Amino acid sequence: MAAALSAKKRFSELLPGEDAGRYITLLERESAPGGVLRQCVHRGFGLIRFSEDLTGIEYMNRFTGPFAGSGIRFLPDTAALEVFPDRTLLAVGPGIGRRRLSFDHLILASGCYERSFQSLTAAGTRPSGIYTAGEAQYLINCCHAEIGERAVILGSGDMGQILARRMVLEGKKVLAVVEQNSVCGGLLKNRRDCLEQNRIPVLLSSTIVSVHGEGRLEGVTVRNIRTGEETRMACDTLICAVGLIPERRILKGLLRDGTLPDWVTLCGNCRSVHKIVDSVTLQAEEAGAAAAERIVSYRFSEIHRG
């Protein structure tokens, strides 16, 4: 939304009197805009962009209102499947069916996907009760679901810490946050507000080596990496916050010697993982304005040559 609104503003400046919104289309695979912010009920957003301490939802709403009235074409429930070298992309959605859409410039703001517990080497079964941090957050905050009573969190980054606090606020027991490194991850503010304030134990230099249970998770075995000591912890929920991978898979057909064409811009977490959403927004606004300038310059040169 930030990139699209910024692009519209720059189009309006460069092409006064024109309906700038018609030059922009935003594809969204979900039914509503906002991305992961829709499930972020905690504060810590907007300190840089708005000089306010907002929840993720409040931060999102600073953009959804202006976006809704912008005249920018919005295609919800629409997935982009692949981008081709002829500046078209294959998309599928209820509003367009299955179609190749052409464009002059592509801004990819697809964020990240989570590294799953299945990508790790822990032994044992894969019973229910194992979630990524994003899944757990969505189920608790958006679906108001009960995901378990006794939880272990794997990964002490910001998401792991925030989910640990959220479980406590839901009245659940967090047995420990398990971290393979020798120091706790994430922002110091989150460590204080989420872990220390709620007295949640952190097991450093440790990892989960096996899970137990058939139909439902019954426990995990935690190993201290330095000493080799193992401890079995009885739990019914394991939340994994073990890393994010930038989502760029639809661009795989464009790479030439590891380089993308100059008509593709990556912004936000699909470019690199950001610690705060404010920096994502600022980068997106720069990308939107730059794309508008590039398109107008290209179109003007085409007319001049013609």
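Bear in mind that the values in this text are calculations on the coordinates, not laboratory data. Here the structure is a predicted model, which means the values were calculated and not measured. Heads up, the Cβs are rebuilt from the backbone with ideal geometry, glycines too, and the neighbour counts pull from every protein chain shown.
Listed here are the residues, each with its yes/no results for (1) touching a Gly at 6+ places or on another chain (Cβ under 8 Å); (2) exposed (fewer than 14 other Cβ atoms within 10 Å of the Cβ); (3) over 26 Å from Y113 (Cβ atoms).
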site	(1), (2), (3)
T227	no, yes, yes
A241	yes, no, no
L244	no, no, no
L251	no, no, no
L254	no, no, no
T259	no, yes, no
L266	no, no, no
C270	yes, no, no
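Identify all residues within the range 234-276 that are part of a loop (DSSP other than H, G, I, E, B), over 30 Å from H212 (Cβ atoms) and in contact with a helix residue (DSSP H, G or I) (Cβ under 6 Å, 6 or more places away or on another chain); write none if there are none. The answer is E247, R248, C267, H274.
Looking only at the range 167-183, decide whether some residue is among the hydroxyl-bearing types (S, T, Y) and touching a strand residue (DSSP E or B) at 6+ places or on another chain (Cβ under 8 Å).
Taking every residue of the range 167-183 in turn, none turns out to be among the hydroxyl-bearing types (S, T, Y) and touching a strand residue (DSSP E or B) at 6+ places or on another chain (Cβ under 8 Å).
Yes or no: the range 201-224 includes at least one residue that is touching a residue at least 60 places away in the same chain (Cβ under 8 Å), surrounded by fewer than 16 Cβ atoms within 10 Å (Cβ to Cβ) and more than 22 Å from A123 (Cα to Cα). No: the range 201-224 contains no residue that is touching a residue at least 60 places away in the same chain (Cβ under 8 Å), surrounded by fewer than 16 Cβ atoms within 10 Å (Cβ to Cβ) and more than 22 Å from A123 (Cα to Cα). Could you please find all residues in the range 25-76 being on the phi < 0 side of the Ramachandran plot, free of Cβ contacts under 8 Å to residues at least 40 places away in the same chain and either under 17 Å from the mean Cα position of the chain (by Cα) or not in a loop (DSSP other than H, G, I, E, B) (or both)? Answer for the range 25-76, where residues must be on the phi < 0 side of the Ramachandran plot, free of Cβ contacts under 8 Å to residues at least 40 places away in the same chain and either under 17 Å from the mean Cα position of the chain (by Cα) or not in a loop (DSSP other than H, G, I, E, B) (or both): R43, L54, T55, I57, E58, M60, N61, R62, G65, A68.
Of all residues in the range 255-273, none that is over 18 Å from A291 (Cα atoms) has its Cβ atom under 7 Å from the Cβ atom of a residue that is of a type in the set (S, T, N, Q), 6 or more apart or on another chain.
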